[in-house]
């Protein structure tokens, strides 16, 4: 059976009842399995991870948007994570027995749905992007909701679907297709903004290839604590531990400390396996040696 | 569905065709799933991991024994790992929707089967043991096959099933029930027997409670390299990394080096999760955040 992943980031991480409502809408779609919900109240953001085939996924995103549209007002949203809309970004990910092309097509169908049904401007990003400056979500998002009233009027930022004006309460949405990535936030203490930027450079340089590790600073260092959001694209060649060790090295140099790491959404088993191999010198080990991989899932935290 | 694990250790790790034949016998039993085969030619030993319900497991062990009985002669067996018979030890492990009591009963049925059908003496061990000195496999196994001609005649070593004489080509078998454990071999270099014994003490002391980490020296240090076999019983409270760090600490003190770790059979996802949490400071992370735990198994290395 073909399996596509969908990982929308919603600009709501504080009101449990809204997060719960969105979870229920996703889980209510036949053919969709909700795997994880990771919320963060400081970022005021929740990441939903679910899997399914094309039509159920399209339906689930529509239902999520309907609830978000009713319950979230982006003009009142405050949080550390940059965002342009109530559902900020919707990536589709080919997981099994499917292709990137199918995910690109699905992202376009979904983008059109959202523009037509909710009147929001939609940008296609990553593999679905229609221009090089729209590939990276960070480029699309720069200026954020507040800056988009102006940005959207520039011809080069005309949306791919929907009106060339930001929706006052829903903002704008980025939809696209991309391979699986690993996403985590690193929290540092005793660090200045300048120090954090230098640590970010260290983290980016840990990538096996250029621009495969993306890192942005999420806050301006109140309370001497800062969070760096990291996306590892090329995680097959850039192990998570290499990124963490770069962060530790940078932190030592800046007199700062890594206090914790929070994984956003799912990782693949490979990340765990490589960690065991690297830190514990375990040899010839693969996921077939993990009992749970052979058993049907026992429970589902997200439901 | 109730699920019991079975992890027989077979005294053959060199002849691929025999290992393959035993694998096929196990896999041919309806209701049994063979998950892993870990072989080691230096130890001359293979560990088969499979799961199922009582009757299929009983049948699989019978079929294994039938092949082993025909193909392996324990009187000619040489290898680093201590052993008393062709199938040295057969633990049953309650995994899901079953009880330790059921596994104890199954171990007794299987022990009786083997004694009656193959004329081998059988010892019940761990939770199935009939005397305190028979709980630990190391106590049962001491003296090995070669010492059992004499040992078995002592009244306190009368077998639980079968004749009070060692079978000349099949040896003896230990069968029992126990909780899941983690088993791995640590290889050291630049180490003396005395140094290895001191590292073993360090490893044992890493257990959260006494006698929950068992460790034995597998060889006598030819080529300056030695292997320590470790069983972690209380792995929920004694993380694998704590054992490895104890080994590293002991090795540093003795001027030796840990060169590698080989996992025998399966581990549980918890071990991986704890490794990530510990080494990479990952917080609030559990197995529901690992993609593969939600998906049906893709392949099976062992089959």
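A quarter of the convex hull surface defined by the alpha-carbon atoms of chain B gives 16.0 nm² as the mean projection. Considering every pair of different Cα atoms, what Kirkwood radius, in Å, is found for the stretch B:85-233? After inverting the pairwise mean of 1/r, the radius is 16.6 Å. Calculated FRET efficiency, residue A:97 to residue B:189, Cβ-Cβ distance, R0 = 30 Å: about 0.10 to the nearest 0.05.
Between residue B:78 and residue B:224, take the C-beta separation as r, use R0 = 30 Å, and let me know the FRET efficiency to the nearest 0.05. Don't jump to the answer; show the numbers that get you there.
On the way: r = 21 Å, r/R0 = 0.68.
Efficiency at R0 = 30 Å is approximately 0.90.
Starting from the label point of residue A:138 at 7 Å along Cα→Cβ, the same points in the other copies fall at 5.4 nm, in ascending order.
Within the stretch B:261-295, what residues put their amide N at less than 18 Å from the label point 7 Å along the Cα-to-Cβ vector of residue A:252? Within reach of a label on residue A:252, which here means backbone N under 18 Å from a point 7 Å along Cα→Cβ, the stretch B:261-295 contributes B:279-281. Evaluated over the Cα positions of the stretch A:3-177, the convex hull gives a direction-averaged projected area, one quarter of its surface, of 8.6 nm².
Plainly put, the tip 7 Å out from Cα toward Cβ on residue B:158 is 9.6 nm from that tip on each other copy, the closest given first. Going by neighbour counts of Cβ atoms within 10 Å, the residues B:76, B:151 line up, fewest first, as B:76, B:151. Residues in the stretch B:35-76 near a label at residue B:117, defined as backbone nitrogen under 14 Å from the 7 Å Cα→Cβ point? Counting only backbone N, you get B:55-70.
Averaged across the residues of A:43-50, what count of C-beta atoms belonging to other chains lies within 10 Å of each residue's C-beta? List each step's numbers first, then the result.
Details: counts 0, 0, 0, 0, 0, 0, 4, 1.
Whole-number average of other-chain Cβ neighbours for A:43-50 is 1.
Would you mind calculating the gained length between residue A:21 and residue A:154 on full extension (0.36 nm times residue separation, minus the Cα-Cα distance), in nm to one decimal? List each step's numbers first, then the result.
Details: separation 133, 0.36 × 133 = 47.88 nm, distance 3.62 nm.
Contour length minus the Cα-Cα distance gives 44.3 nm.
Extents of the stretch B:205-252, taken as max minus min of Cα coordinates on every principal axis and listed largest first, are 35, 19, 14 Å. In the elastic network of chain A, a GNM with C-alpha springs shorter than 10 Å, the most mobile of A:199, A:152, A:19 is A:152. Each 5 Å bin from zero holds the following percent of Cα-Cα pairs in the stretch B:206-289: 3, 12, 20, 24, 19, 12, 6, 2, 1, 0.
For the stretch B:148-303, what does the alpha-carbon gyration tensor say about shape, rounded, prolate or oblate, given a ≥ b ≥ c as the root eigenvalues, a/c under 1.5 as rounded, and a/b over b/c as prolate?
Numbers: a/c = 2.09, a/b = 1.30, b/c = 1.61.
Here the stretch B:148-303 falls in the oblate category.
Working ranking of peptides B:139-146, A:80-87 by packing, defined as the average number of other Cβ atoms within 10 Å per residue, highest first, is A:80-87, B:139-146. Normalised Debye scattering of the protein assembly as shown at q = 0.06 Å⁻¹ gives log10 I(q)/I(0) of -0.40, counting only Cα atoms as equal scatterers and leaving out solvent.
Neighbouring Cβ atoms within 10 Å as the yardstick, rank B:272, A:35, B:95 fewest first.
Values: B:272 23, A:35 26, B:95 17.
Going from least to most buried by this count: B:95, B:272, A:35.
Using the count of nearby Cβ atoms within 10 Å as a rough guide to exposure, how do B:36, B:270, B:73 rank from fewest to most? Working shown, then result.
Working: B:36 23, B:270 19, B:73 14.
Result, fewest neighbours first: B:73, B:270, B:36.
Shielding by partners for peptide A:257-268, expressed as the average number of C-beta atoms from other protein chains within 10 Å of each residue's C-beta, is 4.
Any read-out appearing in this document is the output of simple, stated calculations on the displayed coordinates, not a laboratory observation. All values derive from a computational prediction rather than experimental measurement. As a convention, Cβ positions derive from the backbone with ideal geometry for all residues, glycine included, and neighbour counts pool all protein chains shown.
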